[in-house]
Every structure is written in structure tokens, then in C-alpha cells.
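Read the structure below first, then the notes.
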Amino acid sequence: MKAKVVLLGPPGCGKGTQAEKMGDDLGYVKLSTGDMLREAVRNKTELGLKAKTYMDAGGLVPNDLIIGLMKEKIAGLDKIILDGFPRTVEQADALAEQVDIDIAINIDVPDEELITRLTQRRSCPDCNAVYHLTNKPPMKEGVCDKCGAALYQRDDDKEETVKNRLEVYRKNTFPLIDYYEKRGKLVTIPGVGDISEIYAQVKKSLL
Ligand code: AMP
């Protein structure tokens, strides 16, 4: 089974959901830069204070803040799934210096679906589980199935910011599809339809 996995795709494509499943089902350690940054913002750490303005605007946090953080987190881990990193070519180059990625899974979702998905997303502040008001609602409204915490809507999932995040994705992160394709690491999986069917394809690509 492939051990070092990158999940690629625009915001709202389902990276977090698929990464969560891989963690629960196959024992991967999920490293999500978005989750780490949101925790840093909540705890008002130095990193959180620096990152907040970029995140609120839907922009990217500067590479130097992210690369060092990820290097530390990745060190010594064997079976990892990277969710939300790398997001720029500079980050991908820094990652390649540290570990040899086995596969980059690109989850492909048409633009028109992404806006609805993001604006209908609800997140758990404690365990980082993600829900969708229509496609994947929690069993009890507003409450996390996994840990019972009250769900919230991320500030950057509000419509004004979502549009900017999609533009930032196109400009900075989309080139990574080509980057991993050229290195023979890319697999693209359609990200529309039943979550467990998408997961079945993700799982197959890991064998
Ligand atoms: P996410 O939860 O992956 O959608 O990330 C939320 C926000 O965190 C993004 O819109 C960025 O502001 C920031 N962020 C997450 N990962 C990265 C990264 N690899 N590089 C720069 N900024 C990031």
C-alpha cells in the first residue's frame, strides 16, 4: 500500500472527508494544514495571529510559515496523508526534499458544484469532522456525530470568501496537477456522487 499520499483538488472537493476515511479505515495519519492553522488561530498562538488575516480573506498563508510547520509534523511518520499541503509549487519542492511522495490523488469536481458544497459545509471545531447540510448531514442537527461538539460554519466558507478561495486555488494550486503528472505520481478521481463510492476508488488507487 502506498504510504506517502498527497490529496489535491479545489476547496470543497472532499479532500477532508476522504482523508478522514483513510485515517479511520486504513490507519493513515492525516495532516491537514487547514485544521492546524484553525487550531493555531483559536489558541491565538504566534502562528495563528500571523495566519488569521490571510485565512479570513481566503488567501494563502505565506510559504515560509507553512513549510517549516509541515516539515516538523511529517518527520518520522510513515503512513501519511497530506490534506491541503502542498498548495504551491514552492511547497511541493520543499516537500520533495524531505519525502518521496508515492501518489498525488486529485479529486475532480466541477466549479459550479464547489460553491454550494462550501457554503453548505458545517465543521466540528473539536475533532475536525466535516458535514454537508444536504449531502452528509449530522444525525442530530448542529451536533457532531463523532464527538458531540456543536458544529459551526467556517468564516471562510461564507459566500464572499469562497469565490476568492477558488480563484486562489486556480492560480496557485492548480499547477500542481501538472507538477505531479510530470513526475508520474498523479491519479485523478471524479469527486461527484456517493462519498463511499468515491472512497472505494481512492482506496483502490492506494494499492
Ligand atoms: P483548508 O481547510 O485546507 O481549506 O484551509 C483553510 C485556509 O488555511 C486556506 O484558505 C489558507 O488560508 C490556509 N492554508 C491551508 N493550507 C495552506 C497551505 N498549504 N498553504 C498556505 N495556506 C494554507
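Laboratory data are not the source of any read-out in this text; all were calculated from the coordinates shown. Just so it is clear, the structure is predicted and the values come from calculations on it, not from any experiment. FYI the Cβ positions are ideal-geometry reconstructions off the backbone, even for glycines, and counts take in every protein chain you see.
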Spin-label proximity, Met139 to the range 14-57 - amide N less than 19 Å from point 7 Å beyond Cα toward beta carbon: 21, 24-25
Ratio of the Cα radius of gyration of the chain to 2.2 N^0.38 Å, where N counts its residues: 0.96
Per-peptide average of other Cβ atoms within 10 Å, ordering 22-34, 2-14 highest first: 2-14, 22-34
Length gained when the stretch Asp126-Lys158 is fully extended (0.36 nm per residue, less Cα-Cα span): 9.5 nm
Nearby lysines by direct alpha-carbon distance to Lys163 (threshold 26 angstrom, same-chain neighbours under 8 apart not counted): Lys15, Lys50, Lys52, Lys136, Lys171
The range 1-60 and the range 111-143: distance between their alpha carbon centers, rounded to Å: 15 Å
Global form of the range 1-78, assessed from the alpha-carbon gyration tensor, a/c cut-off 1.5: prolate
Under the span-like rule (Cα at least 15 Å along the axis, Kyte-Doolittle mean at least 0.0), DSSP H helices of the chain: 63-74, 195-206
Among Leu37, Thr53, Asn63 - extreme Cα towards positive end, dipole of the range 31-78, charges at beta-carbon: Thr53
Label point distance in nm, Ile177-Glu113, each placed 7 Å from Cα along Cα→Cβ: 1.4 nm
Assigned charges on the beta-carbon of Lys, Arg, Asp, Glu; the range 1-90 dipole about Cα centre (debye): 20 debye
